[in-house]
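Comments concern the structure below.
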Amino acid sequence: MKCFTFSPCEEKEETTTTPTKSLSITSLFTGRSWTGFNSQTVSDVSTASAGRTNVYSFSKGQSNLKVFTFAELKAATNGFSRSAKLGEGGFGCVYFGSIKSPQDPATKIHVAVKQLGRRGLQGHKEWVTEVNVLGVVDHPNLVKLIGYCAEDDERGIQRLLVYEFMPNRSVEDHLAARAQKPLSWAMRLKVAQDAARGLTYLHEEMDIQIIFRDFKSSNILLDNQWNAKLSDFGLARLGPQEGLTHVSTAVVGTMGYAAPEYIQTGRLRAQSDVWSYGVFLYELITGRRPLDRNLPKSEQKLLEWVKPYLDSRRFRLIVDPRLEGKYSMKSAQKLSIIANKCLSKNPKARPKMSEVLEMVNQLFGTTPEGTSPRPPPKSPVHAVPIVEPIEPENVFVEPTEGKKTSEDTPIKTKRRFIDIKFGGLSRIWPSKLLKT
């Protein structure tokens with residue numbers, strides 16, 4: 001089966017050269033119910049000067065999100081102190097915090113507070129999308145959004161998001177070469193299963209279909225029980241309306257993960273996420289990033305590098321050597337077969353995520369569905385080394401197609417680098433957190 005013919009994964013951001021006017025976010029919330037606040041409401045206001053509007057909304061039901069004041073979140077993070085900073089990315093900074101539990105105000109819970117940087121319209125759109133998506137979804141394999149803050153103050157608009165705290169960082173952190181102890185094979189299978197469950201829910205188990213559009217290892221976080229959860233929904237989009245095959249949109253994503261037909265045409269389908277999932281499976285198998293400029297040229301692109309080794313005799317040469325042989329060759333090869341199905345050049349030939357999940361479940365053999373293989377032993381927080389930020393591989397480029405496609409097509413795109421966003425943040429674990 002030919003599964004690997006694709007063009008290099010590049011990324012273009014939805015940007016505009018038209019200045020955006022300052023918005024009072026609080027005025028958009030005042031006097032409105034949750035169902036009245038959606039991405040269309042905000043986008044219609046914030047893009048008026050650009051002469052275009054977005055016509056999609058994720059808000060389909062009542063949200064249980066808590067509305068925080070800026071003062072509350074400032075106190076929760078010790079004044080957004082440097083000692084509470086978990087990392088910094090394209091969205092802004094993420095801080096460790098403690099708040100009163102919404103269910104039991106007498107107890108405190110740990111949270112991650114993400115503060116939007118000053119990125120103008122695009123950052124604002126991603127913030128709105130994140131609130132809209134995570135405000136209505138509910139699944140154990142999606143990071144829970146607890147609440148948000150949108151206030152004006154003397155410094156301008158303050159936009160923050162409050163998530164459940166994911167103490168075991170991202171899957172990318174545990175696959176990286178700098179990781180002291182890589183994920184075991186059993187945990188990699190569990191991560192593959194959890195991620196497939198999350199995507200299946202988004203694609204097939206709601207009244208609406210949500211396409212993640214930025215599925216990657218840095219956007220898969222691990223909770224205190226080592227359950228994997230999808231995070232960072234700022235680029236998510238509604239799937240095509242009934243009777244349509246795709247959504248036409250500007251191309252956004254991450255190099256190495258984005259589906260080739262989406263890059264070339266801007267036509268977004270749920271199958272685009274399936275392709276990204278297939279890339280991720282090879283990342284789990286090999287322990288390598290989809291694109292690594294630090295490797296020899298012939299090994300930089302993961303999917304190109306593995307092609308000659310997929311026969312049974314040479315397959316072991318691509319399995320992550322840090323596993324030290326402690327894995328099932330049979331299950332690794334079966335996982336590769338699933339990846340190949342996801343990486344079919346023809347998007348119509350790719351399986352649905354529910355079908356992918358069923359295939360992954362079969363890899364567990366006698367392991368009952370829903371149970372977790374034994375996780376690696378936890379290290380105390382103080383033993384976690386300082387992790388330097390990963391050099392970003394996301395690049396925005398001029399569109400290769402001359403045709404303008406949709407309301408999301410940028411007025412002007414430009415080449416520039418961006419930082420990795422919240423899913424890949426893990427720069428420091430503060431010593432002051434040890435007593436919390």
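Each reported figure results from applying straightforward, stated rules to the coordinates on display, with no laboratory input. The structure presented is a predicted model; accordingly, all values stated were derived computationally and were not measured. Every residue, glycine among them, receives a Cβ derived from its backbone with ideal geometry; neighbour counts consider all protein chains shown.
Side notes on the structure shown:
- Within segment 189-241, none of the chymotrypsin sites (Phe, Trp or Tyr not before Pro) combine a DSSP coil assignment with at most 10 other C-beta atoms in a 10 angstrom radius.
- Cα-Cα pairs of segment 240-338 separated by more than 20 Å (percent): 46
- Relative to the Cα centre, the charge distribution of segment 67-145, modelled as +1 at Lys and Arg Cβ and -1 at Asp and Glu Cβ, gives a dipole magnitude of about 280 debye.
- Distance between the pseudo-spin-label points of residue 299 and residue 67 (7 Å out from Cα toward the beta carbon): 5.5 nm.
- In loop segments of segment 255-317 as defined by DSSP, the trypsin sites (Lys or Arg not before Pro) with at most 14 further C-beta atoms inside 10 Å of their C-beta are 293, 313, 314.
- Cα-based shape type of segment 151-282, given that a ≥ b ≥ c are square roots of the gyration tensor eigenvalues and the cut on a/c is 1.5: oblate
- Close amide H contacts of residue 66 (hydrogens built in the peptide plane, cut-off under 5 Å, sequence separation of 5 or more or a different chain): 147, 148.
- Summary of packing: across the peptides 205-211, 322-328, the per-residue average of other C-beta atoms within 10 Å ranks them, highest first, as 205-211, 322-328.
- Estimated dipole of segment 229-368 in Debye, rounded to 20 [Cβ of Lys and Arg +1, of Asp and Glu -1, Cα centre]: 340
- Label sites at residue 224 and residue 152, each approximated as a point 7 angstrom past Cα along Cα to Cβ, lie 4.0 nm apart.
- Shown in residue order for segment 135-148 are the 3J(HN,Hα) couplings computed by the Karplus curve 6.51 cos²θ - 1.76 cosθ + 1.60 at θ = phi - 60°: x, 10, 8, 8, 7, x, 10, 10, 4, 7, 8, 7, x, 8 Hz (x for Gly and Pro).
- Listed residue pairs exceeding 24 Å between alpha carbons, taken from 144/330; 216/307; 114/352: 144/330; 114/352
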